[in-house]
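First comes the structure, then the notes that go with it.
The values are calculated or read from the model by the stated rules, or taken from the named source; none is laboratory data. Remember, it's a predicted structure, so these values are computed and weren't measured experimentally. Don't worry about glycine lacking a Cβ; one is built from the backbone with ideal geometry, like all the others, and counts go over all protein chains shown. Ligands, DNA and RNA are stripped out before the accessible areas are found, and what is left, the full protein with its side chains, is counted by its heavy atoms. Shrake-Rupley method; radii C 1.70, N 1.55, O 1.52, S 1.80 Å.
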Amino acid sequence: RRVRDFLFRDPYALWYERSHPLSAEYTHDPEPIPFRDLHKRAWTPIILGERWGGAWESAWFRFSGQVPRDWRDGEVCALVDTASEALVFSTDGVPFAGLTSREQRSDPLWRKGLVLLRQKAGERVELLVEAAANAMFGYTAECRLREARLVLLRRDRWDLWHDVHFLLDLWETLPEDHLRRARIMHVLNAVMNLWSDGGPENVRACRMMLSGQLSRQANASAHRVSAIGHAHIDVAWMWPLRETVRKTARTFATALRMMEEYPGYVFGASQAQLYEFVKNHHPELYRKVKERVTQGRWEVQSAMWVEADTNLAGGESLVRQLLFGKRFSLREFGVDVQVLWMPDVFGYSGALPQLLRLAGVHYFMTQKLCWNQYNKFPYYTFRWEGIDGTAVFAHFPPADTYNGNARPQELAYGTRNFSQKDRTDRWLYVFGVGDGGGGPGRHHLEFIKRAADCEDLPRVTQEPAATFFKRAEQTIQDPPVWRGELYFECHRGTLTTQAYNKKMNRWCEALLRDIELLAVFSGGAYPRERINALWKIVLLNQFHDILPGSSITWVYRDSREQYERVRTEGTALLSEIME
C-alpha cells in the first residue's frame, strides 16, 4: 500500500518541481480548419475550464508564455490538455507531437499532454495546437481546456518513479513464495522508509538501493522476445475517415518524437492508405518518416492497401490489396514487405496462403483468434497451410494483445501462455496504444528499457517484426501445421449487417473486373490511372471495420458516396471502352 501510494500521488508533487501558466487563445469551427487558413481566423482568449467545442468539432489553440529566468536545473516541458485528441504543430505547419492517451484512466501512466521543449530559462514559448472534439474511441459530448502550463521536469524523480513501478509490477507477477518477490518488497519498503523530501541526494540514494534488483540479468533459459512499438489505427470505426487522417498524423508525429528521446526505439506501421494520407496532407512529416525507414528505426508493414476483411472481399480484391500495398511500399520506401500484418481482422480465408506466396509474402501475423468465443486456438507459432497446400509461416503474439502496455505482467503472461515454448524460445511482443492510434508513449518505452535483460522475465530486444519472423522460422523445431481457414468465433454478425455496403462492394468488384477485361481486349490505351483510382476506393472500403458493418453511421454515409463515385465514373469508363 505504501508503494502504491507513492506511485499514485499527484505527478505535480513528484515529477514536476515548478509550474508556470501559459496564456491561451483559440479559434473554433464545426469542421477541421486547414493550417493555411489560420491567418484569416479570429482568435478568442480562453481560460482553464472553459468549453471550446462539442462532438466532432475542431479548434486551433495558441499557447504562449515565457520560461521563468530561474528555471535552470531540469527539463522544460509543456503540459497541455484540451480534453480531446490534439496535435502540436511547429509554426511552419509541420506536425510536431501528438497529444493522445486514454485520458479516462486514473493511472498516472496514462496522463496526457507532456511535451518536452527545447527552450531554456528566459526564452519565449509559443505552441500551436490543433484539437479535435472527440476522444480516442470516438464520441464525446463536449471538450474544455483543462490544462496549459509550463513545468520543470525532474528527470531523477521520473526515473525513480519508473524504477519503483517496474519492480512493483514484477513483484506482482512472481509466486507468493518466490525468493526474489520477498527481496523486491524488502528493498521497495526500504526506499519508502528513505524517501522524504525528494531532494537530489535522497533520490540518488533511493535509486542506488533499487539498482541491485534492476540489474539482475535474465535467466539462462529466458525467452527471446522481439518487441516493436505499434499503433493499430482503424481506418474508420467509431470515427469517420476525416478523423483517421488526423489520427495518423498524431500517431506518426508522436513516433518520430519518441525516436528522438529514446535512441533504441523501433516502431512499425501498416496500411499503405495511411502512409498516403500523410504524404498528401503532411509532406514534411512524411519525409521524416522516410528518413527513419532508411535508418531501420521505422518498419513499413503495409503488405496490403488496408488491413482488409478477408471473408467478404473477393479473391481479385485480395490480389489488388496485396498488389497496391506492396507496390506502394516498394516505390515509396524501397521496402519489399514480406509480413502480412493483420492483428485485428475478423477471420482469415483459407485462400490467403496461396495469394500471399504468389505476392512474395512469406509471413503472417495476427492475434485476433485469442478472442475466440468457444475454442482456444492451439498454436502461436505454426505453418499455416491453405486450401491448395501452399503454406506461410505464421505467428500470434502470445501476450494476446496488439496494444501491449510493456509492463512485466504482460511479458510474464506471454511466457506462460506461449504454447510452442517446447519448440522455440522466440516470440513477438507488440506494444503501444492502438485502435484509435497513438502508439507507445514514454512510459511504455521506460518499461521496455528496464525489461531488456531482467531476471524472471524474457530477454527483450526492440527490432523489426521481419527480423523476428526470419529468426523464428530458422530456429523453431518441428513447427505444427494448421490447414485451411482461420475461423474467428466472434463478431459473426459482421457477415450480414450493413447489407447495402456489402452489395455495393460486390457490384463494384464485378464492374472493375469488366472494365479491366474489356480494356485489355479493346486494343486501345489501357486506362491504368483511372482504373487504379477506382480500385483504391473499393480497397479502402474493404477495411475490416467498414465492409463488415461494424462502424458508426457516419462511416456508411461516406461509404455510400464513395461507392456512388465508383458507379458513376466506372460506368462511364466502361462505356468508353465498349465504344
State the number of residues belonging to the stretch 511-541 that are aromatic (F, W, Y) and within 31 Å of the chain's Cα centre (by Cα).
1
Can you tell me how many residues within the stretch 234-257 are open to solvent by less than 10 Å² (accessible area, probe 1.4 Å) and of a type in the set (A, V, I, L, M, F, W, C)?
7
Just a yes or no: is a residue in the stretch 371-382 open to solvent by 10 Å² or more (accessible area, probe 1.4 Å), over 19 Å from G264 (Cα atoms) and of a type in the set (V, I, T)?
no
Got at least one residue in the stretch 515-535 being closer than 21 Å to W305 by Cα, open to solvent by 80 Å² or more (accessible area, probe 1.4 Å), in contact (Cβ under 8 Å) with a residue 24 or more places away in the chain and touching a Lys or Arg at 6+ places or on another chain (Cβ under 8 Å)?
no
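Of all residues in the stretch 194-233, how many are within 30 Å of E473 (Cβ to Cβ), small (G, A, S), open to solvent by less than 20 Å² (accessible area, probe 1.4 Å) and not in a strand (DSSP E or B)? Let's see the steps before the verdict.
We begin by selecting, within the stretch 194-233, every residue within 30 Å of E473 (Cβ to Cβ); these are 217-233.
Going one step further and asking which of them are small (G, A, S), we end up with 218, 220-222, 226-227, 229, 231.
Add one more test, that the residue is open to solvent by less than 20 Å² (accessible area, probe 1.4 Å), and what stays is 218, 222, 226-227, 229, 231.
In the following step, the residues that additionally are not in a strand (DSSP E or B) were identified as 218, 222, 231.
Summing the residues that are within 30 Å of E473 (Cβ to Cβ), small (G, A, S), open to solvent by less than 20 Å² (accessible area, probe 1.4 Å) and not in a strand (DSSP E or B) in the stretch 194-233 gives 3.
Of the residues that make up the stretch 393-412, is at least one of a type outside the set (G, A, S), free of Cβ contacts under 8 Å to residues at least 24 places away in the same chain and part of a loop (DSSP other than H, G, I, E, B)?
Going residue by residue through the stretch 393-412, those that are of a type outside the set (G, A, S) are 393, 395-398, 400-403, 405, 407-411.
If we keep only those that are free of Cβ contacts under 8 Å to residues at least 24 places away in the same chain as well, we get 410.
In the following step, the residues that additionally are part of a loop (DSSP other than H, G, I, E, B) were identified as none.
No; the residues of the stretch 393-412 include none that is of a type outside the set (G, A, S), free of Cβ contacts under 8 Å to residues at least 24 places away in the same chain and part of a loop (DSSP other than H, G, I, E, B).
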Residue pairs, Cβ under 8 Å, 6 or more apart or interchain, first in the stretch 315-338 and part of a helix (DSSP H, G or I), second open to solvent by less than 40 Å² (accessible area, probe 1.4 Å) and charged (D, E, K, R). List them.
E316/E509; S317/E509; F328/E276
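Given the criteria among the β-branched types (V, I, T), open to solvent by less than 10 Å² (accessible area, probe 1.4 Å) and part of a helix (DSSP H, G or I), does T294 qualify? Reasoning before the result, please.
Values: among the β-branched types (V, I, T): yes; open to solvent by less than 10 Å² (accessible area, probe 1.4 Å): no; part of a helix (DSSP H, G or I): yes.
Here the answer is no, as T294 does not meet what is asked.
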Which residues, counting only those in the stretch 1-31, are touching a helix residue (DSSP H, G or I) at 6+ places or on another chain (Cβ under 8 Å) and part of a helix (DSSP H, G or I)?
R2, V3, R4, F6, L7, P11, L14
Give the stretch 148-178 a look and list any residue that's closer than 29 Å to Q66 by Cα, in a helix (DSSP H, G or I) and either open to solvent by 50 Å² or more (accessible area, probe 1.4 Å) or free of Cβ contacts under 8 Å to residues at least 12 places away in the same chain (or both), or say none.
R155
Mind checking which residues of the stretch 427-467 are surrounded by fewer than 20 Cβ atoms within 10 Å (Cβ to Cβ), over 22 Å from N219 (Cα atoms) and of a type in the set (V, I, T)?
T467
Search result, residues across the stretch 538-558 that are crowded, with 17+ Cβ neighbours inside 10 Å and either without any contact (Cβ under 8 Å) to a residue 60 or more places away in the chain or not in a helix (DSSP H, G or I) (or both):
N541, Q542, F543, H544, D545, I546, L547, P548, G549, S550, S551, Y556
Go through the stretch 98-126 and give me each residue that's surrounded by fewer than 13 Cβ atoms within 10 Å (Cβ to Cβ) and at pLDDT below 50.
Q104, R105, S106, D107
Answer with yes or no whether Y363 is over 19 Å from D234 (Cα atoms), open to solvent by 30 Å² or more (accessible area, probe 1.4 Å) and touching a residue at least 40 places away in the same chain (Cβ under 8 Å).
no
Could you please find all residues in the stretch 484-510 being closer than 22 Å to R567 by Cα, assigned to a helix (DSSP H, G or I) and of a type outside the set (D, E, K, R)?
A499, Y500, N501, M504, N505, W507, C508, A510
Those residues that are under 18 Å from K449 (Cα atoms) and in a loop (DSSP other than H, G, I, E, B), I need them from the stretch 236-272; list them, please.
Y262, P263, G264, Y265, V266
Give the stretch 468-483 a look and list any residue that's part of a loop (DSSP other than H, G, I, E, B) and exposed (fewer than 15 other Cβ atoms within 10 Å of the Cβ), or say none.
Q477, D478, P480
Within the stretch 1-31, how many residues are open to solvent by 80 Å² or more (accessible area, probe 1.4 Å) and of a type in the set (F, W, Y)?
1
As an exercise: evaluate R181 against (1) more than 31 Å from the chain's Cα centre (by Cα); (2) surrounded by fewer than 15 Cβ atoms within 10 Å (Cβ to Cβ) and give the number of the one condition it does not meet.
(2)
Going through (1) surrounded by fewer than 16 Cβ atoms within 10 Å (Cβ to Cβ); (2) touching a residue at least 12 places away in the same chain (Cβ under 8 Å) one by one, T424 fails only at (1)
